[in-house]
Every structure is written in structure tokens, then in C-alpha cells.
Amino acid sequence: GDEVKSGDVLFEMFSPELIVSQRDYLLALKQSKTAQNNITRRLLSFGVQQKALNLIAKQKTVQQNLPFFATQKGTIAELNVTPGTYVNKGMTIAKIQDYSTVWVIVNVSEKDMGFITKGTKTTVHFPNLPGKTISSKVDYIYPKINERTRTGRVRLIINNKEGTLRPGTYADVVFNTQ
């Protein structure tokens with residue numbers, strides 16, 4: 001759950017193939033634009049970011065442990081590597097979530113669904129945050145009813161700039177259906 005800013009180093013990767021490609025990149029910088037474009041495309045296809053390529057070009061040296069940077073600000077929600085982990089092609093290494101807005105998915109009794117429309121105003125209370133009440137409105141009404149629970153679902157979008165709300169937090173919702 002660490003907070004990161006766009007541009008922060010998330011992890012560094014050692015890969016013999018990336019080292020060879022970096023050497024080729026440094027050589028291509030002294031050659032034609034075509035050679036530069038070809039090796040740049042190869043490195044980008046490996047997931048190497050432009051910021052890392054700029055670092056290699058600026059320092060004119062191969063990075064034994066190539067840095068990978070956060071592309072957005074947020075919270076590290078998932079990190080699937082530790083030092084020494086072997087990374088496979090297509091593997092998700094990390095997930096960064098932006099929790100500045102959160103969805104509240106509300107289960108509503110089937111008999112009450114007819115009173116709710118998109119835009120219906122709501123008041124949301126969070127038991128784990130005493131005294132915190134947030135006004136919102138219905139953003140989306142899911143089209144299906146759960147046959148087992150006889151409930152429908154509606155989605156609210158809540159501003160969470162201060163980061164006090166966490167995914168999975170329980171909420172009590174009052175619909176203002178005049």
C-alpha cells in the first residue's frame with residue numbers, strides 16, 4: 001500500500017537480453033535514425049519506458065539494473081515480485097490504483113429498485129469513520145437482479161482526495177427519493 005508519484009522508480013530489473021539491447025541502443029545512437037528507431041522499438045516492446053531510454057542516452061552507459069517507473073500517481077495495490085523473482089513474458093509485476101475517487105456498490109432490495117433512478121441523490125455514512133457523511137448521487141444502475149438475494153445493485157462515485165476510504169469499506173446509504 002505504498003503511495004507513489006508518477007515517475008517514481010517502482011523496481012529495477014536485471015536481464016541479460018536487456019543489457020545486450022541497451023548496448024545496441026548506445027551504438028545505434030551514433031548511427032542512422034533507422035538503426036535508432038529499430039532498437040528503440042525493440043526496447044519499447046520489452047516494456048522499457050522512454051524515461052529509462054533517456055537515462056541510458058544521457059548517462060551513455062548500460063544500466064545493469066534497469067529502472068521501471070510509475071506511470072501514474074496512486075497506491076501500490078499489488079506487487080508480484082521480490083528481489084530475485086524471475087519475470088515471465090506478460091506477467092503483471094505491479095498494479096497502481098488511484099483511490100482519489102472510489103465506487104460504492106450498493107445492494108438494494110428488488111422492491112425498492114423502482115424508486116431509484118440515475119442521478120438520485122444519496123447520503124452515505126461510513127461506520128468506521130464516525131461523523132463522516134458524504135453526499136453523492138446514483139451514477140449507474142446495474143441491469144440485473146440477483147436471483148438468490150433478490151437485490152439489485154447501484155453504483156455511487158465518491159470523491160476520496162484525502163484517501164480515508166478504502167476498497168471494501170462498509171457503508172450505509174440513504175436514497176433521497178422524493
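The values are calculated or read from the model by the stated rules, or taken from the named source; none is laboratory data. All of these numbers come straight from a predicted model, not from anything done at the bench. With ideal geometry, Cβ positions are generated from the backbone for all residues, glycine too; neighbour counts draw on all protein chains shown. Quick note on the areas: whole protein, heavy atoms, side chains included, nothing else; ligands and nucleic acids left out. Shrake-Rupley method; radii C 1.70, N 1.55, O 1.52, S 1.80 Å.
Quick notes
- Filter result for K132 (exposed (fewer than 15 other Cβ atoms within 10 Å of the Cβ) and under 28 Å from I76 (Cα atoms)): yes
- Residue match in segment 44-57 (condition: open to solvent by 90 Å² or more (accessible area, probe 1.4 Å) and not in a helix (DSSP H, G or I)): no
- The criterion of at least 1 residues that are open to solvent by 20 Å² or more (accessible area, probe 1.4 Å) and closer than 14 Å to Q49 by Cβ is met by the following strands (runs of 3 or more DSSP E) wholly inside segment 65-106: 66-69, 94-97.
- For segment 1-43, a residue qualifies if it is surrounded by fewer than 16 Cβ atoms within 10 Å (Cβ to Cβ), in contact (Cβ under 8 Å) with a residue 40 or more places away in the chain and assigned to a helix (DSSP H, G or I), and exactly one does: I19.
- Residues of segment 143-154 classified as surrounded by 15 or more Cβ atoms within 10 Å (Cβ to Cβ) and either within 27 Å of the chain's Cα centre (by Cα) or at pLDDT below 95 (or both), total: 2
- Only one of the numbered conditions (1) closer than 30 Å to Q178 by Cβ; (2) touching a residue at least 12 places away in the same chain (Cβ under 8 Å); (3) of a type in the set (S, T, N, Q) is not met by T133, and that is (2).
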